[in-house]
Amino acid sequence: MPSYLLLLSGLRVLLTVDLDVETSNFIDLSAPEVIDYKDPCKAAAFLGDIALDEEDLRMFKVDRILDVIQRSIQTFNDTDAVNGSLSSESSRNDMSPDSHGQGFRRRRRAATSRPERVWPDGVIPYVISGNFSGSQRAIFRQAMRHWEKHTCVTFIERTTEESYIVFTYRPCGCCSYVGRRGGGPQAISIGKNCDKFGIVVHELGHVIGFWHEHTRPDRDEHVSIIRDNIQAGQEYNFLKMEPGEVDSLGEVYDFDSIMHYARNTFSRGIFLDTILPRYDVNGVRPPIGQRTRLSKGDITQARKLYKCTRCGDSLQDSSGNFSSPGYPNGYAAYVHCIWRISVTPGEKIILNITAMDLYRSHLCWYDHVEVRDGFGRKAPLKGRYCGDSLPGPIVSTDSRLWIEFRSSSNWVGKGFSAVYEAAACGGFITKLNGSINTPGWPKEYPPNKNCVWQLVAPTHYHITLLFDVFETEGNDVCKYDYVEVRSGLTADSRLHGKYCGTEKPETVTSQYNNMRIEFKSDNTVSKKGFKAQFFSDKDECSKENGGCQQECVNTFGSYSCQCRSGFVLHDNKHDCKEAGCDHVVSNVLGTITSPNWPDKYPSKKACTWALSTTPGHRIKIVFNEIDMEAHLECAYDHLEIYDGQDGRAPSLGRFCGIKKPSPVISSGNEMFMRFFSDNSVQKRGFEASHSAECGGSLKAEVKTKDLYSHAQFGDNNYPGASDCQWVVSAEKGYGVELIFQTFEIEEEADCGYDYIELFDGADVKAPRLGRYCGSGPPEEIYSAGDAIVIKFHSDDTINKKGFHVRYTSTKFQDTLHTSK
């Protein structure tokens, strides 16, 4: 027989068997009279991993237990053992037979005489405390599903139920009660080193109503207890129960039970046996104490205890089928079958009855199939069916369905057959707006999920995705759980971003009229997941450029017209007119064109552009096209670029003709451009792009200057895949002082991903002052010479705010390089 069922009492369980856990390992007889009997750590006494409260002690033959305890204590004291010691006060307590003014007489009860200890309808509500990790929670749920798969016991998340179990982490280790303790919650403690699948299955066995197998009354016919090898003070853990205290329900002794002690449990040495089978099975000494899975005997015993129907099954696969007994050859009279379908939390079940031939009666009183939307016969009724008319698809509200088949007539029909499948997460969505979320939302998403949503809007529309809540398992490269957003419907479409962790992604707008969102979770940590809204908006610019003469910019719910360089928007908001020809440009990125581009520029025109960018960065000009009157020295029509704030700065080049010049880069954060055309030949002109370029040579002076990690510091995080190098130099006789104002760079133990490096000299061959990431270097850094190199590197994954440093020249310090 697999293990002991609760038959009588209500015992509480404290696991101290061979599980290498920290637990109490003696019977504590000094417990107070008033205890919280729902906490097994406050038990009045322990028998191995079973915690006993005062009610339990009254039900047992307590003088028998106390006698073993007293002998255990005496042996324990004689050997001066230290593990699980009991003081002399422990044996003098209020739990003697007379301490309550009445004698303790063992109450002999049969399994059916204490129905309050069996969970009604086999439904066990549960709560998992918040101090467990996602991987531990996954193990608990796997263990519960293991019991559900092989029995008719069902575990549900507690809502309003009065009696339920609470997974907790208690100081007494792994502990539980045996059976239901009505009137409130009862703890099942999964302590240190107990968060293993087999151990949790074992503990849940106690919750369901099992005792340990080796304590059944007939155990001496099957195992030998080697008392000389038992730890001093632990003999009481090998007591056997009386026939009136447990009920074996007619099952044979089960060496393979997950509730059986291992051969060296409570042994004085790991290689000394304390309990051994007395005979071979099929010529082999049977192993005992497995913590892998339920045995056949465990399953049979539990099904008997909870009166599971012989017909039916617990179905946990993502799809499957089932049918009435004998289908299609006919079913017998008075058949009763129950199928419980349970799929991954967060998914729904689609059930289709594919064939049906049952006796037809008014309201289907006799032979019928009944489908309920939940975990038991009290769940809401989806429908009761009979005759030969097939119902349409039946969709569950949650992740469970309960199907019952009964026959009470002598009419012989073929019966019925059905198929089911879990509705996959994700889907193909054509609504203009709506919301999506991870499976199980707002509870934790399940492990090993792969959900793909494909959003399609009408032609000329764009889709915008806005995350309301975002919380997934995260690491630097989103290796474990993540969300990918793409423009398009395939896995190789343009990627907008790959997101994980707890930082809510920015709003994403598709490039075209479709979007692909993919969510993946691995088999370990689970988090809350995400909830997002999507909106579809018509792209007014896609048709005839929105009526704009030059550039059309789509916005959510509207659009606007813009003009190219050299033009301003007309009062009608659609056309463009020529603007003045002196421009101030401070955008980090942009395009500069000659007047009237791409048409011919006018004659006798002089235009200027004064460009500036973030301090510590340079301006880069890249010519996209150039078509100007040619001359060897560009004496006629030309474009000249200066390395400074006006035309008095050094010239970086004068350009004309049709050959595209190489990119032009300023030495500082300012650049000046001047375009000139004479009164003769006109061409198309030029189009050039400007951007900010990091790095360069900086001059440290007495006046403090600023340097930023990237040009859009404060507006956006630094870009990925950056490599920047600045050389900050002072006049001879002066050093360089750096004062960091802001520093926020991706953190890693060795600063191997994103970092800045400082070198005490004019190049990277100089002595290195350090490599910094995370919260950064000390606030102040001084050079030993007249220059410092600042090198900044970022990889292509995590981006942070960046850094802001002020630099100045200072007289040489006779101190260390850094100070706080």
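Among residues of the range 724-747 that are not assigned by TED's automatic domain parsing to the domain that holds residue 804, none has a beta-carbon under 6 Å from a residue that is not in a strand (DSSP E or B) at least six positions away or on a different chain. Taken over the range 665-681, the criterion of being farther than 10 Å from residue 605 by Cβ and not in a loop (DSSP other than H, G, I, E, B) is satisfied by 665, 670, 671, 672, 673, 674. Within the option set 525, 568, 553, 508, being under 27 Å from residue 712 (Cβ atoms) and surrounded by 17 or more Cβ atoms within 10 Å (Cβ to Cβ) holds for one residue only, 508. Restricting attention to the range 704-728, the residues that are outside any strand (DSSP E or B), aliphatic (A, V, I, L, M) and on the phi < 0 side of the Ramachandran plot add up to 1.
Evaluation of residue 463 against the conditions (1) within 27 Å of residue 320 (Cβ to Cβ); (2) assigned to a strand (DSSP E or B) shows that the sole unmet condition is (1). For the range 142-152, the criterion of being of a type in the set (D, E, K, R), outside any helix (DSSP H, G or I) and either at pLDDT 90 or above or within 28 Å of residue 310 (Cα to Cα) (or both) is met by none of the residues. Applying the set (1) buried (at least 17 other Cβ atoms within 10 Å of the Cβ); (2) out of contact with any Asp or Glu (no Cβ under 8 Å at 6 or more places or on another chain) to residue 330 leaves exactly one unmet item: (1).
Scanning the range 685-721 for residues that are over 23 Å from residue 743 (Cα atoms) and either among the small types (Gly, Ala, Ser) or modelled with pLDDT of 90 or more (or both) gives 685, 686, 687, 688, 689, 690, 691. Residue selection: residue 387 fails the criterion of being crowded, with 17+ Cβ neighbours inside 10 Å, in contact with a Lys or Arg (Cβ under 9 Å, 6 or more places away or on another chain), touching a residue at least 24 places away in the same chain (Cβ under 8 Å) and assigned by TED's automatic domain parsing to the domain that holds residue 319. Total residues in the range 586-624 satisfying the condition of being buried (at least 16 other Cβ atoms within 10 Å of the Cβ), of a type in the set (A, V, I, L, M, F, W, C) and assigned to a loop (DSSP other than H, G, I, E, B): the figure is 2. In summary, strands (runs of 3 or more DSSP E) completely within the range 166-273 and bearing 3 or more residues that are of a type outside the set (Ser, Thr, Tyr) and surrounded by 22 or more Cβ atoms within 10 Å (Cβ to Cβ) occur at 174-178, 185-189.
Just one of the listed residues (748, 731, 744) is within 22 Å of residue 797 (Cβ to Cβ) and not in a strand (DSSP E or B), namely 748. Evaluation of residue 701 against the conditions (1) assigned to a loop (DSSP other than H, G, I, E, B); (2) among the acidic types (Asp, Glu); (3) in the same structural domain as residue 589 (by TED's automatic domain parsing) shows that the sole unmet condition is (3). The set of residues from the range 468-480 being over 12 Å from residue 528 (Cβ atoms) and either aliphatic (A, V, I, L, M) or in contact with a Ser or Thr (Cβ under 8 Å, 6 or more places away or on another chain) (or both) comprises 474, 476, 477, 478, 480. In a residue-by-residue description of the range 773-787, the property of being polar (S, T, N, Q), under 25 Å from residue 478 (Cα atoms), assigned to a loop (DSSP other than H, G, I, E, B) and in contact with an Asp or Glu (Cβ under 8 Å, 6 or more places away or on another chain) applies to at least one position. Any idea which residue in the range 481-493 is farthest from residue 451 (Cα to Cα), counting only those that are out of contact with any Lys or Arg (no Cβ under 6 Å at 6 or more places or on another chain) and part of a strand (DSSP E or B)? Of everything passing the filter in the range 481-493, 485 is farthest from residue 451 (Cα to Cα).
The values are calculated or read from the model by the stated rules, or taken from the named source; none is laboratory data. Just so it is clear, the model here is predicted, and its values are computed rather than measured. Methodologically, a virtual Cβ is constructed for each residue, glycine included, from the backbone with ideal geometry; neighbour enumeration extends over all protein chains shown.
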